[in-house]
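Here is the structure we will look at.
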Amino acid sequence: MRAILAVLLLSAISINAYTQACCCTGAGANYSILPNLNKHIIGVRYTYKNYFSETHSLNPEIDGTITNQYLNSLEIFGRFNLKERLQLSVFMPVSFIRQSTSKGATDKTAGLGDMSFLLQYNLLNPLKCDGKKAKHQLRLGVGTKLPTGEFNMTPNDLFSTNLQLGTGSIDFMANAIYTFRFNSFGFNTSASYKFNTYNNKGYLFGDKAQTAMSFFYVFDVKEVQLMPNIGFNYEHQFSNKKDGRTLGFTGGDFLSTSVGFDIYYKQFAFSSSVSPAVMNKLNWNGENKNKFGVEAGVFYNFSTNSKTKQ
């Protein structure tokens, strides 16, 4: 399914110790707020998403068929510092997908998804604590997605693309992430674009444009740092193509909200969020609609050099 495209805005979150929090531009579990840029990070994130569609057809055998799809994905993440302002993020998802219809049909698939790599440069990256002064950060990134996930499609069944581990194509992405924080309050805004290419089946998933904004508040309880956050995410999916022909029943717009709560303790970060859908404005009323999403992750940061500056 197209939702499995690994196009998430990339990075991770972690706090080395609560006493270092004043140096951080922000913190957050949505992979777009990135403090402690001088640290390497490894982690894992679990994602659950539910999709819904209803088929409208002149064929009475399939008209009114309701389809539910359930995505469970476990994503291994790593972010590694190449130079002072340059980081490489790596994503490796493993997905479990189940589809059931009101006609009693059930289909399942599981396996490795498409791996993604993102190279980010910190254009604005304050390294010193400035007391209660405002701090901000701007990162620009470019990346690629490899066809490591399985893609299957029969010539007569384009709708089989709804249940896929990968896209079968090499794709490219670019993003920009800006974070601002003053005292305990802050916000994060991001934009990304994914350029897709044809796979060896002659199928092209439409490009995707995405923007998001979140607001957060950070407070301490002894040596634990807590951060509630709330935001929204908007996506525009361009139409898919098959052998150069535009498929008019694909693409559209999607808007969701997000409510999250993160916990930071020493080198560890724990994240969680729920993302109910607000709008599914699709080009075909039988296309999959994203209903609800849940995310939870744990991350660990470390340094290979004990003299690394904080």
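The values are calculated or read from the model by the stated rules, or taken from the named source; none is laboratory data. Just so it is clear, the structure is predicted and the values come from calculations on it, not from any experiment. Using ideal geometry, Cβ is built from the backbone for each residue, glycine included, and neighbour counts are taken over all protein chains shown.
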**OP:** Return the total of residues in segment 241-272 being without any contact (Cβ under 8 Å) to a residue 60 or more places away in the chain and on the phi > 0 side of the Ramachandran plot.
**Re:** 4
**OP:** May I ask you to list the residues in segment 245-296 that are surrounded by fewer than 19 Cβ atoms within 10 Å (Cβ to Cβ), in a loop (DSSP other than H, G, I, E, B) and modelled with pLDDT of 90 or more?
**Re:** Pro276
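Kindly evaluate Gly141 against the criterion of being modelled with pLDDT of 65 or more, buried (at least 17 other Cβ atoms within 10 Å of the Cβ) and outside any loop (DSSP other than H, G, I, E, B).
On the way: modelled with pLDDT of 65 or more: yes; buried (at least 17 other Cβ atoms within 10 Å of the Cβ): yes; outside any loop (DSSP other than H, G, I, E, B): yes.
In short, yes.
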Subject >> Members of segment 218-240 found to be farther than 14 Å from Phe261 by Cα, in contact with a strand residue (DSSP E or B) (Cβ under 8 Å, 6 or more places away or on another chain) and either in contact (Cβ under 8 Å) with a residue 60 or more places away in the chain or of a type in the set (D, E, K, R) (or both), listed by number >> reply: Glu223, Glu235, Gln237, Asn240
Original post:
Out of segment 260-289, which residues are under 29 Å from Phe205 (Cβ atoms) and either hydrophobic (A, V, I, L, M, F, W, C) or in contact with a helix residue (DSSP H, G or I) (Cβ under 8 Å, 6 or more places away or on another chain) (or both)?
Top reply: Val274, Ala277, Val278, Met279, Leu282, Trp284, Asn288
Subject >> Residue that is surrounded by the most Cβ atoms within 10 Å (Cβ to Cβ), among those in segment 170-198 that are assigned to a loop (DSSP other than H, G, I, E, B) and touching a strand residue (DSSP E or B) at 6+ places or on another chain (Cβ under 7 Å) >> reply: Asn196
**OP:** For Ala209, work out the one condition from (1) under 14 Å from the mean Cα position of the chain (by Cα); (2) closer than 21 Å to His136 by Cα it doesn't fulfil.
**Re:** (2)
**OP:** Kindly indicate the residue of segment 87-101 that is touching a residue at least 60 places away in the same chain (Cβ under 8 Å) and out of contact with any helix residue (DSSP H, G or I) (no Cβ under 7 Å at 6 or more places or on another chain) and also nearest to Asn72 (Cα to Cα) among those meeting that condition.
**Re:** Ile97
Original post:
So which residues in segment 54-69 are polar (S, T, N, Q) and either over 28 Å from the mean Cα position of the chain (by Cα) or at pLDDT below 75 (or both), if there are any at all?
Top reply: Thr55, Ser57, Asn59, Thr65
**OP:** Of the conditions (1) in contact (Cβ under 8 Å) with a residue 12 or more places away in the chain; (2) at positive phi; (3) small (Gly, Ala, Ser), Gly104 clears all except one; give me its number.
**Re:** (1)
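Conditions tested, residue by residue: (1) among the polar types (S, T, N, Q); (2) modelled with pLDDT under 90; (3) over 27 Å from Ser258 (Cβ atoms).
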residue: Asp130; (1), (2), (3): no, yes, yes
residue: Lys135; (1), (2), (3): no, yes, no
residue: Leu146; (1), (2), (3): no, no, yes
residue: Asn152; (1), (2), (3): yes, yes, yes
residue: Leu163; (1), (2), (3): no, yes, no
residue: Ser192; (1), (2), (3): yes, no, no
residue: Asn196; (1), (2), (3): yes, no, no
residue: Asn199; (1), (2), (3): yes, no, yes
residue: Asp207; (1), (2), (3): no, no, no
